[in-house]
Structure formats: structure tokens, C-alpha cells
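Below you'll find the structure, written out as C-alpha cells, and then a few comments.
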Amino acid sequence: MKTIIKNGMVVTSGSTFKADILIQGDSITSISSDITPEPSDKIIDAEGQYVFPGGIDVHTHLEWPLMDTETADDFVSGTRAAAVGGITSIINFTKPKKGASLIATQEEWIEKGKKSVIDYGLHAIINEYSDRVLEELPILAETYGVGSIKLFMAYKGEMMVNDLEMYKIMKKAGELGVITNVHAENGDIIDEMIAQALAEGNTDPIYHGYTRPTIMEAEATGRALAIAEAANAPIYIVHVSCSEALEKVVEAKKRGVQAFAETCPQYLVLDISYLDQPNFEGGKYVCSPPLREKWNQDVLWNGLQTGMISVAGSDHCPFRFHDQKAMGKDNFSKIPNGLPGLEDIFSILYHFGVHEGRISLNQFVEIISTNPAKIFGIPKKGDISIGYDADLVILNPNGSRVITSASQYQNVDYNAYEGLEVQGIITNVLSRGEVIVKDGQFIGDAGRGKYLHRNRRHNRDSLFHSPKNDQATETIR
Ligand code: URP
Ligand code: ZN
Ligand code: ZN
């Protein structure tokens, strides 16, 4: 059976035009001004609606252990929420158990991901250095299509690696064309600041914000970029939250470092005041880096607008409020770090970005779909083009909705964006040609998602040398 999406306004990173889209099997086979249906064809009328390439969220933590607990969404609930929210592919993080091989870990996580309702890839976290890591990286890259790894400069004892370890790992990754995601915060200094705050009896969630200052994010960001430069390796700074850290990325781009930056909806829309609420409400908003002073939001939007920030990822790391966040009721350092966001990232970026005039429709597509596909080497995704996977999101720009945990698919007891009204309603979502969201309701099946075997290097290089990135002298304030 063929499917035709008729009369929609097709939006890609490069253009916006009215067209019909013909889908056969998994793929887009024609894009044309008027495709005549055959009687057996399934028709989706998208008159008055946008048709976007499916969102690609490259920063998720489903089924992910952290701080003696595990995130509240598994690959079923998390990817179902993603689909309803317009995300048709994710790249989740693995997490090796202490002493475990990266290959065994990869196998374990591919198995977990088989429940997914949308396609999923995996970034390999390296939370412990050994010579074996360097031996396993080529196998991960070549046999498992793992084009990206992740290193942490914080979470000492659980995941943090030191500078020399980072250098050795990045050098090997760079030789393989594998990009390194980095969580950039100075873990040593932060831990000292936390100990000091607690010793002074300061236990409330706001102290999470005070003990992880922007300068310690900027310092680690600059150091990570310098190490990547020395190692001649591509680097992707995850969850850039503040102006000082973004300045380090811009400086590195100017020097020619193959550096990319990501920010997240929480840093674009929420601010540090959310941590400072009575009755432990602030605990809901503990994530790292922490929410920042509001003025940083304009800088981050400007970064997206000028191409200095290439991607928005959700950093979906959901913990229930009543029993998981509550682990830190008397000690902010015990609150598991992370916010839910996978279900709402597409809407938030559309509303605060496109609807409120901060970015164009085409920039929106670039940030939520095209750039993630290119940077992380996802074949046949991130665009609406013949031969590409029919991963498509249809959005009615004339409708609006209020975000609320009462109606969410995320398996968590609150929503960080509770009560925000967003313009634009996602009506239909297709994943490789199959309608998995119809009239806003999820109708797909668990287990239909496929593991994404990813490319290395080539697409990313073309993005890095784009004229936009060559304008790295843009002011960012
Ligand atoms: O607070 C966060 N971001 N939790 C998830 C783990 C990480 O640092 O990305
Ligand atoms: Zn992180
Ligand atoms: Zn994260």
C-alpha cells in the first residue's frame, strides 16, 4: 500500500513549499505539486498544516542508572512519548557497569532498545579508562556503527574521567572519525563547593544551582575544547547552558576546532528561580548544568540563530518527584539530576523559536532534525527528500495546547513545563512510512523501532565547513 500526504506545506532546512509526498514502504518516493492517488492509496490530508522531517533527539537517558536509581522512562514509555511529541529517532546513552567491556555494554543496550517504537541509536559512554577501551573503540565504530562516544568531566566516582584519559580517548576517537560528546563541568571544584554548602547547613535545591556556577561550566568547556584540539578530534559539547560556555565554543570554532554545541529546552525557557521554590518544589528542576540566570536565554537563542549552537537535545533524564527526586529532600546533592523533556522538545522549540519569531521555520528543522542527523551520521534521516525514510511530522500551526503532566505519555509524575501554552498541535507522525500517531494519539507498536547503525565523519565535515560556521566571529551577546 502507498500513502500520500496531500496539500501540506513541506518544510526542510533549505526551503518551504506546498507539495504532496508519496510514500512506498519505508521511504519517500515522490515529492510533487499534485500526486494523483490510486484507489488503494491511503491519503492523509495536510491542508493548512506543516510537514516536517521527524525530530531527532540525540540526548536521551532512557532506562539509565544514575545516583543509585534509574530513570523513570524505559524504551517503550520514552519512545512513545517521543513519537507523540514529534520525535522519530533518538540516540540514547549506554552506561557500562564498572569493569564491563564496551562491546558487552553495547549488546546489552541494543537489546534494551529493541522495545522502542521509533528508531534508536546509542552513544557509548566511557566512564572508566583502560587500555581495553582503546582496543574496543574500533570494533564499536566498525561493527556496531557507533559514531559517537560520551565523556563526563563531572560526577566524580561515577563517571568522571581526567584530562589525560580524555586526551587518549579523544585521540583514538578522532582517528576513527568518531565524535566525542562531552559533559563539561569541573567536577573537582563542584564537589568541593557542594561539601562546603552542606557543611554550612545549606541543603535546599537552590544550592544545586549555587554550587555549579557558570564559570565552572565555562572552564571545563574551554578545557574539553583544548583537549579535542590537541587530539585533533571532533567534539560535541552537550547541554550548553550559559553565555560563558558558549563563548568558549565560539572561540574554538574560530581556531578551527571541529566543535559543535547543543543546548536544551530547559535552558531556553526555564531559569534558576525555578530551583528556589518552597516545599521542595525546586527539587523538580535539579539538572546539571543547573538552570541559569534568565538573561542567558537570549544568548542561547542567538547561538541557535547564528548557527553557533547546532542542535537542541532534550537531555531527557526523568525522575519521579514523589520518590526519586525526594531522595534529596534533606540534601540537594542526593537529588537525582535530570528533567523530563522528550515529549515536549519539538513543541517548545517550535513555539518559543518559530512562533515567537526567534528562529525561522527552516532553522527549526535544521536544529531539531537535519543537523543531528548530519553530526551523528544517521543515514536517510533529517530531511524530506526522495529515497529518505518517511519519518514525518504533521503540525497544525493554528491549534494550541497547554502542556500538563495529566495528559502526558512520559512515565513521570510531573512536567517541567506544566501550564505553558504552546502554539501548534502535532496531528500525525509517521515513522518509516507507518502512521504511529493519528489525531494526536499514539497508535504504533512497541518493538517496531530499528537500531541505527551510523556513519562516521562525512556528513559532519560538510556541516562544519558550512559558511555559517565560518562566520564564527559573530557576536553572541
Ligand atoms: O542533569 C542531567 N543532565 N542529568 C542527566 C545526566 C547528564 O548530565 O546529562
Ligand atoms: Zn550531562
Ligand atoms: Zn544528559
Practice prompt. Would you tally the net charge around residue 351, using a Cβ to Cβ cut-off of less than 13 Å, leaving residue 351 out, and scoring K and R as +1, D and E as -1?
Written response: -1
Fill in: Net dipole in debye of the chain [+1 Lys, Arg Cβ; -1 Asp, Glu Cβ; about Cα centre; nearest 20]
880 debye
Item to complete: Just need the relative contact order of region 54-375 here, percent rounded to a whole number, with Cα pairs under 8 Å and 6+ apart.
Response: 19 percent
Response to the item:
Rounded to whole angstrom, the alpha-carbon centroid of region 244-298 lies from that of region 140-215 at a distance of 15 Å
Practice prompt. Treat each spin label as a single point 7 Å out from the Cα along the C-beta direction, and report the residue 38 to residue 132 distance in nm.
Written response: 5.5 nm
Fill in: Mean residue ellipticity (222 nm) of the chain, computed from DSSP H runs ≥ 4 via -39,500 (n - 2.57), nearest 500
-8500 deg cm²/dmol
Worksheet, complete the sentence: Taking N as the number of residues in region 54-375, the ratio of its alpha carbon radius of gyration to 2.2 N^0.38 Å works out to 0.92
Fill in: Charge tally in the Cβ shell below 10 Å around residue 116, where Lys, Arg are +1 and Asp, Glu are -1, residue 116 excluded
+4
Item to complete: Leaving ligands, DNA and RNA out of it, rank 320, 460 by accessible area with a 1.4 Å probe, largest first.
Response: 320, 460
Worksheet item: Leaving out same-chain residues fewer than 8 places away, which lysines sit with a Cα under 19 Å from that of residue 98?
Response: 112, 150, 156
Worksheet item: To the nearest 10 square angstrom, what accessible area does residue 108 show with a 1.4 Å probe?
Response: 70 Å²
Worksheet, complete the sentence: The local net charge around residue 379, scoring Lys/Arg +1 and Asp/Glu -1 for residues other than residue 379 whose Cβ lies under 14 Å from its Cβ, equals +4
Worksheet item: residue 26 to residue 277: FRET efficiency via 1/(1 + (r/R0)^6), r the Cβ-Cβ distance, R0 41 Å, to the nearest 0.05?
Response: 0.30
Worksheet item: Over region 54-375, what percent of the accessible surface lies on carbon and sulfur atoms, probe 1.4 Å?
Response: 48 percent
Fill in: residue 203/residue 445 FRET efficiency (R0 56 Å; Cβ-Cβ; nearest 0.05)
0.80
Practice prompt. Determine the relative contact order of region 34-151: mean sequence separation of Cα pairs under 8 Å and six or more apart, normalised by residue count, in whole percent.
Written response: 22 percent
Worksheet item: Which value, in Å², gives the accessible area per residue of the chain when a 1.4 Å probe is used on the protein heavy atoms?
Response: 35 Å²
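The values are calculated or read from the model by the stated rules, or taken from the named source; none is laboratory data. As the structure is a computational prediction, the values presented were derived from the model and not from experiment. Using ideal geometry, Cβ is built from the backbone for each residue, glycine included, and neighbour counts are taken over all protein chains shown. Remember, those area values only see protein heavy atoms, side chains included, never the ligands or the DNA or RNA. Shrake-Rupley method; radii C 1.70, N 1.55, O 1.52, S 1.80 Å.
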